1. Report, in debye and to the nearest 20, how large the dipole of the chain comes out about its Cα centre when Lys and Arg carry +1 and Asp and Glu carry -1 on their Cβ.
2. Please report the net charge: other residues with Cβ closer than 13 Å to the Cβ of LEU148, K and R +1, D and E -1.
3. Tell me the net charge near VAL61. Cut-off is 13 Å between Cβ atoms, VAL61 excluded, with +1 for each Lys or Arg and -1 for each Asp or Glu.
4. Using a Gaussian network model on the chain with a 10 Å cutoff between Cα atoms, which of ARG24, ARG94, ARG104 fluctuates the most?
5. Between their Cα atoms, which of LYS76/LYS164; LYS76/LYS124; LYS124/LYS149; LYS76/LYS149; LYS46/LYS164 are more than 25 Å away from each other?
6. For TRP63, TRP182, what ranking results if the residue with the fewest other Cβ atoms within 10 Å of its Cβ goes first?
7. To the nearest 0.05, what FRET efficiency results for GLU116 and LYS46 with a Förster distance of 25 Å applied to their C-beta separation?
8. Taking R0 as 41 Å, what FRET efficiency do you get between HIS98 and VAL129 from their Cβ-Cβ distance, rounded to the nearest 0.05?
Amino acid sequence: MADSLPVTDRSRLRRSHQRGHFDRETIDAILDAQPLCSVGYVMDGKPYVTPTLQWREGDHVYWHGSSASRALRAGKEAEVCLSVSILDGFVMARSGFHHSVNSRSVTLFGTAFKVEDPAEKLAKLTRFVNGLFPGRYEGLRPDHEQDLKGTMVLGLKIEEGAAKVRTGQPSDEDEDYALPIWAGVIPVQTIVGEPIPDPRNLDSVEMPAHIRDFRMG
């Protein structure tokens with residue numbers, strides 16, 4: 001695993017560069033903590049951004065969708081931008097200008113590739129499901145051939161991009177700290193609720209541990 005992304009990629013981070021992180025440990029931790037991402041690409045000369053789920057395997061991130069998706073077909077062998085963001089808190093300052101958010105984000109750039117081999121595609125999708133819910137895929141009904149044909153998996157090597165992290169209290173003007181205005185941080189957390197069973201579950205089916213104990217990092 002690389003220790004950091006290429007130095008040349010740091011030129012993309014022009015604002016609040018002090019919040020930039022280029023080490024793989026920080027980047028990987030954010031990717032692993034938040035499966036929801038947005039993938040940007042150009043189709044027919046126009047920009048598009050599509051929300052989807054991503055998962056990381058070593059030096060690559062992957063995402064999937066319908067084989068009929070115009071977005072995925074446009075992303076194959078094309079330049080894409082993949083972004084993941086986690087909101088950790090609202091930063092309430094003493095002026096509107098210095099209000100902010102505590103957050104963690106990663107933005108990656110590169111050329112997407114399609115996972116062509118059916119066996120490799122199945123292995124990727126298995127890791128995707130089991131990465132969120134360990135052991136679940138083995139308990140599901142086997143995929144039909146048409147299931148796999150109807151699913152496309154794209155990947156991107158992690159080699160260009162950056163993480164951006166903000167933590168802590170507001171950064172106000174020195175003179176503003178004397179103002180009688182409350183300032184601080186309102187923390188934000190993603191809470192996983194109690195699972196809601198499908199009413200068509202068989203009476204004999206019990207909730208598995210990977211559902212009951214599911215947590216997000």
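Values quoted throughout were computed directly from the atomic coordinates according to the rules given, and no laboratory measurement underlies them. Bear in mind the structure is a predicted one, so any value in this text is a computation, not a measurement. As a convention, Cβ positions derive from the backbone with ideal geometry for all residues, glycine included, and neighbour counts pool all protein chains shown.
1. Values: 26 positive and 31 negative charges, 104 e Å.
Its charge dipole is roughly 500 debye.
2. Numbers: positive: LYS121, LYS124, LYS149; negative: GLU116, ASP117, GLU120, ASP143, GLU145, ASP147.
That works out to -3.
3. On the way: positive: ARG24, ARG56, LYS124, ARG127, LYS157; negative: ASP28, ASP32, GLU57, ASP59, GLU159, GLU160.
Net charge around VAL61: -1.
4. ARG94
5. Details: LYS76/LYS164 27 Å; LYS76/LYS124 17 Å; LYS124/LYS149 14 Å; LYS76/LYS149 16 Å; LYS46/LYS164 27 Å.
The answer is LYS76/LYS164; LYS46/LYS164.
6. On the way: TRP63 24, TRP182 6.
Fewest to most other Cβ atoms nearby, the residues stand as TRP182, TRP63.
7. On the way: r = 27 Å, r/R0 = 1.09.
Efficiency computed from Cβ-Cβ geometry: 0.40.
8. Details: r = 43 Å, r/R0 = 1.04.
Here the calculated transfer efficiency is 0.45.
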